[in-house]
Amino acid sequence: MREVARLAGVSHQTVSRFLHDDPRISAQTRERIRTAIDQLDYRPNLVARAMRGRKTGRLAFILPTGTTVSSLEILAGATAAAHDAGYILDVVTLGGPVAERSGRVHELAESGLFEGIASLMPLPESAQRQHERTAIVISPEYDDQMRSIGELADAAPVAELIEGLAELGHRRFVHLAGDYAHTSARRRRDMYLATIPRLGLESHGVIDCDWSAELAEQAMLELPVGAATAVIAGNDVVAAGALRGAFTRGWRVPEDVSITGWDNNKLGAVLSPTITTVIMAHERLGRRAITRLLAALNDAPDPVDDEPVGTVVWRESTGPAPS
């Protein structure tokens, strides 16, 4: 920092104020300091800065190993929220045994590199203790294998889909379910099974399709004629398989059978017909996780967000029941 100050012709205190975005520094002085920093390839020592002021301007965002489209969208929302608050967000992926994850979180909290840690996966109780210098907030949306849990697995839109189709005259339904290793697949199945009798509707049953378009196509090929006029598919991939099966049998969609999906897969929006789906507010979940962490850093109450995470988008694959 003193070398930067000498090259820029200012005091090292002025360089320090520049690094902390002090608005009192003139534009001309800022430019000289910025030029000196570039010439010397200066990088502030985060550990030293943390030791002095316990401020690093960095937050850690913990995710399980692996990648999904939803995790990238959540990360985009979290990064934007951190940036808006003046922080840099570092992503840390954790895997391995629970005990090792606990130790790793403890190391991150004690390193002094981060002012706060937000985790999107459950952590052992020993890792959840508040550290003296680092706030830890847990917003569990994924298990340790990057499968949706928490609000990401909320199945309430299944009821909305069935209710909407019932209003269009549909009485006979079938559910093409996903992989039950996923909490989301189990919850969507359970919501389907609860909603059908609640509305006095008929169900051909639940057919396990394991998130597979091929199994969904086969299920449609084997579906008895007249067994169902509405198909609730576990996701858009399963719905696409159901579409193909329906077309193979000569059934028109939605004139003969209506089909719904989930996840807002981009292909579902360009297929013919386009697939009715459920959009999950992934970016908002990422923003919410960081907002909760910022509240903890400022000793503020946990923010309240009652907005639903999933939104039904009605498209061409659904219509009135056949007469």
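The values are calculated or read from the model by the stated rules, or taken from the named source; none is laboratory data. Predicted model, so just to flag it, every value in this text is computed and none were measured. Cβ coordinates were reconstructed from backbone atoms using ideal geometry, including for glycine residues, and neighbour counts include every protein chain displayed.
Residues are listed down the side, and each one gets a yes or a no for (1) touching a Ser or Thr at 6+ places or on another chain (Cβ under 6 Å); (2) in a helix (DSSP H, G or I); (3) among the aliphatic types (A, V, I, L, M); (4) modelled with pLDDT under 90:
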{"site": "44", "(1), (2), (3), (4)": "no, no, no, yes"}
{"site": "52", "(1), (2), (3), (4)": "no, yes, no, yes"}
{"site": "70", "(1), (2), (3), (4)": "no, yes, no, yes"}
{"site": "91", "(1), (2), (3), (4)": "no, no, yes, no"}
{"site": "106", "(1), (2), (3), (4)": "no, yes, no, yes"}
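For residue 240, the criteria (1) within 18 Å of the chain's Cα centre (by Cα); (2) assigned to a helix (DSSP H, G or I); (3) modelled with pLDDT of 95 or more hold in every case but one, which is (1). Looking only at segment 253-263, decide whether some residue is within 24 Å of residue 184 (Cα to Cα) and either surrounded by fewer than 16 Cβ atoms within 10 Å (Cβ to Cβ) or modelled with pLDDT under 95 (or both). The answer is yes; a qualifying residue exists.
Among the residues of segment 183-224, those that are under 16 Å from residue 235 (Cα atoms), charged (D, E, K, R) and in a helix (DSSP H, G or I) comprise 186, 187, 188, 189, 190, 214, 217.
Just so you know, in segment 265-286 the residues that are at pLDDT 95 or above and not in a strand (DSSP E or B) include one that is farthest from residue 62 (Cα to Cα), and it is 273. Residues in segment 160-201 that are of a type in the set (A, V, I, L, M) and more than 21 Å from residue 216 (Cα to Cα): 166, 168, 194, 199, 201.
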